[in-house]
1. Which FRET efficiency value, to the nearest 0.05, do you get for HIS105 and GLU21 by plugging their Cβ-Cβ distance into 1/(1 + (r/R0)^6) with R0 = 22 Å?
2. Ranked highest first by the average count of other Cβ atoms within 10 Å around their residues, in what order do 125-135, 16-26 fall?
3. Counting helices only, and only those DSSP H runs with n ≥ 4, report the 222 nm mean residue ellipticity of the chain as the sum of -39,500 (n - 2.57) divided by its residues, in deg cm²/dmol to the nearest 500.
4. Work out, step by step, the length gained on full extension between ALA208 and THR124: first 0.36 nm times the residue separation, then minus their alpha carbon distance; give nm to one decimal.
5. For ALA45 and ASP157, calculate 0.36 nm times their separation in residues minus their Cα-Cα distance, and state this gained length in nm to one decimal.
6. Give the shape of the chain as rounded, prolate or oblate, defined through the alpha-carbon gyration tensor: a ≥ b ≥ c are the square roots of its eigenvalues, a/c under 1.5 means rounded, and otherwise the shape is prolate if a/b is larger than b/c and oblate if not.
7. I'd like the antiparallel share, as a percent to the nearest 5, of DSSP beta bridges with both residues in the range 91-248.
8. Give me a comma-separated list of calculated 3J(HN,Hα) values for the range 106-122, in order, Karplus coefficients 6.51, -1.76, 1.60 applied at θ = phi - 60°, integers in Hz, x for any Gly or Pro.
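Please treat every number below as a calculation from the coordinates, not as lab data. Values in this document were obtained by computation on a predicted structure and should not be read as measured data. As a convention, Cβ positions derive from the backbone with ideal geometry for all residues, glycine included, and neighbour counts pool all protein chains shown.
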Amino acid sequence: MNDLYELPLDEAGYNFGFLDEYAKREIRRAVIKAICVPGYQTPYASREMPMGRGFGTGGLQLTLSLVGPDDTLKVIDQGSDDSVNAVNLRHFVELTCEGVQTTEHTSEATLIQSRHRIPEVALTEEQILVLQVPYPDPLVVVEPSEARRKTMHGEGDYSRLLTKLYEDIVQFDEITISHRYPTRINGHYVIDPSPIPRYDVPQLHMSAALVLLGAGREKKIYAVPPYTRADPLAFDDVPFRTEDFHDEHGKRRACVRCGSIDSFLDEIIGEDGDKSYQCSDSDYCNDYRNGHTHQKANATNEGAVQ
């Protein structure tokens with residue numbers, strides 16, 4: 001967390017990082033509290049940003065409060081560096097944070113802001129991952145009252161959430177949650193890990209990098225500190241499992257572009273109706289295609305994960 005208090009205004013008249021220093025100080029204090037109490041939803045006074053709520057304002061405020069002139073930033077949206085959301089957010093940071101470098105390579109970034117994905121490459125202790133979050137509270141699907149939800153979180157009472165998972169099993173023979181999978185942090189608080197797919201949830205467990213989650217519309221910040229337990233809710237007889245990318249013959253599908261058989265794949269339907277699969281993480285796909293290899297974030301992402 002760099003000391004940016006004395007940095008001058010840029011040519012457009014904005015403070016470094018767009019936000020005023022009081023706002024950045026408050027967000028940093030909220031981040032420290034979130035790290036000290038893993039999984040706890042720390043409230044903060046979310047500021048108005050030059051974009052609509054729901055387009056990553058929470059993650060952007062975290063990024064602007066933590067980034068410094070010596071940082072290198074990577075912004076991705078569903079694994080891609082070139083999507084509209086990623087390009088616009090990256091351009092905004094470049095306009096308001098003089099000296100900050102941007103990159104499309106995960107290994108070069110000191111700060112990574114992401115929507116809907118965690119990079120395939122294992123993150124390091126020198127990196128911070130910021131996830132954009134639309135709805136921070138997993139209990140909202142079973143309890144409409146925020147006051148009651150706070151009590152349930154404090155008491156570690158997630159019985160109604162477990163009941164909902166059980167009802168899924170009874171009706172569909174499996175837990176059908178495809179993203180935002182409820183995950184218990186450090187043995188207590190259960191979080192909504194943002195709309196990342198189930199494939200990415202194991203990467204939160206004992207991650208070397210600090211993971212920060214920001215919900216601007218809901219005005220909440222929470223964290224998964226480095227080397228902290230992150231256990232997806234499951235049952236002993238119905239263990240947690242990730243997405244299955246095997247075909248009807250039991251063969252693991254490969255990326256049509258790079259040939260990878262160990263990454264999260266997006267399904268692409270062509271004009272003729274034929275289906276193909278491509279790596280969601282564009283940087284990983286490019287590196288794999290060029291013959292470069294990196295340590296995978298989690299080797300257990302194939303099949304069931306306990």
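1. It comes to 0.10.
2. The densest-packed peptide leads the list: 125-135, 16-26.
3. The helix contribution divided over the chain gives -7000 deg cm²/dmol.
4. Additional length available on full extension: 29.7 nm.
5. Full extension of this stretch gives 37.6 nm more.
6. Here the chain falls in the oblate category.
7. Antiparallel: roughly 55 percent of the beta bridges in the range 91-248.
8. My calculation for the range 106-122 gives 4, 5, 8, 7, 9, 9, 10, 10, 9, 10, 6, 8, 10, x, 5, 6, 4 Hz in order.
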